[in-house]
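Worksheet: the structure to be examined is printed underneath.
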Amino acid sequence: MIIKEGERIDELQRNGYRIIQKTNGFCFGMDAVLLSGFASVKPGEKVLDLGTGTGIIPILLEAKTEGSHFTGLEIQAEMAEMASRSVALNRLEEKVSIVQGDIKEVPTLFEKASFDVVTTNPPYMNDSHGLKNPDLPKAIARHEVVRAAASALRPGGRLYMVHRPRRLIEILMAMKSQKLEPKRMKFVHPFADKEANMVLIEAVRGGGALMTVEKPIIVYKEPGVYTDEIYDIYGY
């Protein structure tokens, strides 16, 4: 049985892929889609997604790029099992793997420096999805996500993160403490005249100290109407 009670199947508008989600629970948001559009995966590269949730980012990156393999790490057993069924639904078992485990276990779960790219959409960045784990905000303060990425990445490998701008200084300091040098940054604004509510960051393990702030993404040109860039990222 590919779908259970309380679940639904949604179209992803990419390669005919679909994803299983809860009808009343966590669903992937624009943050995940924007991260999949911001992340650069070169042909043959291996990707690890930390806190993969529904498995949306590995599945989208498999559709959009020529990476060789995509792994999603998820701590919640039920969510990891559901993500695995989405992988099977799309017949991606040879390209996408879902692993249940804690981000803090990355050094023991995976060989050190074995990934070219790490992506992460921390679950506490989205205030509306209802997965409020009181321990999760402490994780970024303890540098757990960034430390895990540094362990998994090969020298020259790239970390891609989406987060809230209000945490930006803390994130950049955490990255630099693990020798992950911020290289690209892009702010996301809901409207052209509104302040940014998301930031996308690329950091390189062992990279040089030079960062580019790219042209921002504007989500809506008017209420309920996406900009052309958003439609392009979504694949419409």
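Data table
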item: When each of K42/K112; K22/K215; K42/K215; K42/K179; K95/K176; K46/K179 is checked by Cα-Cα distance, pairs over 29 Å; result: K22/K215; K95/K176
item: Carbon + sulfur, % of accessible area of the chain - ligands and nucleic acids excluded, 1.4 Å; result: 52
item: Rounded FRET efficiency, nearest 0.05, which uses the C-beta distance separating A77 from A196 and R0 of 30 Å; result: 0.30
item: In Hz, Karplus ³J(HN,Hα) per residue of segment 100-112 (6.51, -1.76, 1.60; θ = phi - 60°; x = Gly, Pro); result: 8, x, 8, 4, 5, 8, 3, x, 9, 6, 10, 4, 4
item: By average C-beta atoms within 10 angstrom, highest first, the peptides 109-122, 209-222; result: 109-122, 209-222
item: Magnitude of the charge dipole, segment 1-85, Cβ model with Lys/Arg +1 and Asp/Glu -1, debye to 20; result: 160
item: Residue-normalised accessible area of segment 44-85, expressed per residue, 1.4 Å probe, Å²; result: 27
item: Mean Cα-pair separation over length for the chain, i.e. relative contact order, pairs under 8 Å, 6 or more apart, %; result: 16
item: Sites V213 and D10 - FRET efficiency at Förster radius 25 Å, r taken between beta-carbons, to 0.05; result: 0.15
item: Antiparallel DSSP beta bridges within the chain, as percent of all bridges there, nearest 5; result: 50
item: Spread of Cα-to-Cα distances over 5 Å intervals beginning at zero, given as percent, for the chain; result: 1, 7, 14, 19, 21, 17, 13, 6, 1, 0, 0
item: MRE, 222 nm, helices only [DSSP H, n ≥ 4, -39500 (n - 2.57), over the chain, to nearest 500]; result: -8000 deg cm²/dmol
item: Proximal charge balance of G235 [Cβ under 13 Å; K/R count +1, D/E count -1]; result: -2
item: Given charges at Cβ of Lys, Arg, Asp, Glu: segment 142-236 dipole, positive-most of A149, V162, T227; result: A149
item: P(r) tail fraction, segment 45-129 - alpha-carbon pairs more than 16 Å apart, %; result: 48
item: Nonlocal amide H pairs with V219, under 5 Å, H built at 1.01 Å; result: H189, F191
item: Between segment 8-57 and segment 174-236, the Cα center-to-center distance that results, in Å; result: 17
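The values are calculated or read from the model by the stated rules, or taken from the named source; none is laboratory data. Model, not experiment: these values are computed from the prediction. Quick reminder, even Gly has a Cβ in these numbers, built from the backbone with ideal geometry, and neighbours come from all protein chains shown. Protein only, heavy atoms only, side chains kept; ligands, DNA and RNA dropped before computing areas. Shrake-Rupley method; radii C 1.70, N 1.55, O 1.52, S 1.80 Å.
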